[in-house]
Amino acid sequence: MFKIMIVEDDLKLREIILENIRKWGFEGSAVTNFTDVLNQFLKFEPHLLLMDINLPYYDGFYWCGRIRSISRVPIIFISSRDSNMDIIMAMNMGGDDYILKPFSLEVLMAKINALLRRTYSYTEIESGVLQHQGVILDLKDNHLEYNQQGVELTKNEYRIAYILMKKSGQIVSRDEIMRGLWEDESFVDDNTLTVNINRLRRKLRDIGLHDFIQTRKGQGYIIP
């Protein structure tokens, strides 16, 4: 179960968010002692943090900086402060997203779910394996496995699979993939990427993976 920690001074809003995330099946905890947010963070060990900027004693920027010094946990700022400087500061301090108050609970939950999916839907472990939805990509020998069936990938096919699995849940542009393959997309024919994508898709279909790589017209590709 994912654990979400709320650092919000507004008691009513805090309780509303807590109730909502629990309805979604998450475990929630709200900070009540704003003099010691860091120790409460360490004790609860959340998978995601909702952080207001205006807090008693020290502001959200301060606590974001403290937490970033020891953790890469995703942080979403929720604030009524709408200046570009505040948003830029939040991102520069290590925030992953910024939501302006008042906000829709549906939008908040969509952002929480998207960020959790991007952060935790795959596992890259010390043995050199990338996993997503039962698909296992061996980072040592360009081997991909699904449902006890394996396929060998070429260097380019492996690199495409790695880039898309690493960013699962996000649309990756063709230019970004080409940069990952050849470092500078200006030196390659765009059709070359299409050939590699199609060849990889055929290999994936052969082991039962249909529509694993999806096209977003005019935007790029995504592994949802």
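The values are calculated or read from the model by the stated rules, or taken from the named source; none is laboratory data. Keep in mind it's a predicted model, so treat the numbers as computed, not measured. Neighbour counts run over all protein chains shown; Cβ positions are idealised from the backbone, glycine included.
Anything in region 140-167 that is in contact with a strand residue (DSSP E or B) (Cβ under 8 Å, 6 or more places away or on another chain) and within 29 Å of Ile112 (Cβ to Cβ)? List them, or say none.
Across region 140-167, the qualifying residues are Tyr146, Ala161, Tyr162, Ile163, Leu164, Met165, Lys166.
Quick one: is Arg159 within 28 Å of Arg174 (Cα to Cα), at pLDDT below 90 and crowded, with 17+ Cβ neighbours inside 10 Å?
Considered against the rule, which asks whether it is within 28 Å of Arg174 (Cα to Cα), at pLDDT below 90 and crowded, with 17+ Cβ neighbours inside 10 Å, Arg159 comes out as yes.
With (1) among the hydrophobic types (A, V, I, L, M, F, W, C); (2) assigned to a loop (DSSP other than H, G, I, E, B); (3) within 26 Å of Gly169 (Cα to Cα) as the list, and Ala114 as the residue in question, which single condition is left unmet?
The failed condition is (2).
Tell me which residues, restricted to region 202-218, are exposed (fewer than 15 other Cβ atoms within 10 Å of the Cβ) and either of a type in the set (D, E, K, R) or at pLDDT 90 or above (or both).
Arg202, Arg205, Asp206, Gly208, His210, Asp211, Gln214, Thr215, Arg216, Lys217
Looking at region 207-223, I want the residues that are farther than 9 Å from Ile171 by Cα and have a partner that is part of a loop (DSSP other than H, G, I, E, B) and small (Gly, Ala, Ser) with Cβ atoms under 6 Å, at least 6 apart or on another chain. Which pairs are those?
none
For Ser29, are the conditions met, namely being more than 22 Å from Lys3 (Cα to Cα), touching a Pro at 6+ places or on another chain (Cβ under 9 Å) and of a type outside the set (Lys, Arg)?
No.
For Asn147, all conditions in the list (1) at pLDDT below 90; (2) surrounded by 17 or more Cβ atoms within 10 Å (Cβ to Cβ) hold save one; what is the number of the exception?
(2)
(1) closer than 21 Å to Asn113 by Cβ; (2) of a type outside the set (D, E, K, R); (3) modelled with pLDDT of 90 or more: which one isn't true of Gln170, the others all being true?
All conditions pass for Gln170, except number (3).
Residue by residue, here is whether (1) under 21 Å from Thr119 (Cβ atoms); (2) modelled with pLDDT of 95 or more holds:
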| residue | (1), (2) |
| --- | --- |
| Val7 | yes, yes |
| Leu11 | no, no |
| Leu42 | yes, no |
| Glu45 | yes, no |
| Arg72 | yes, no |
| Ser79 | no, no |
| Asp82 | no, no |
| Val107 | yes, no |
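Confirm whether Arg199 is at pLDDT 85 or above and either more than 23 Å from Ala110 (Cβ to Cβ) or surrounded by 14 or more Cβ atoms within 10 Å (Cβ to Cβ) (or both).
yes
Give, as residue ranges, the strands (runs of 3 or more DSSP E) completely inside region 3-89 that count at least 2 residues that are surrounded by 14 or more Cβ atoms within 10 Å (Cβ to Cβ) and touching a residue at least 40 places away in the same chain (Cβ under 8 Å).
Output list reads 3-7, 48-51.
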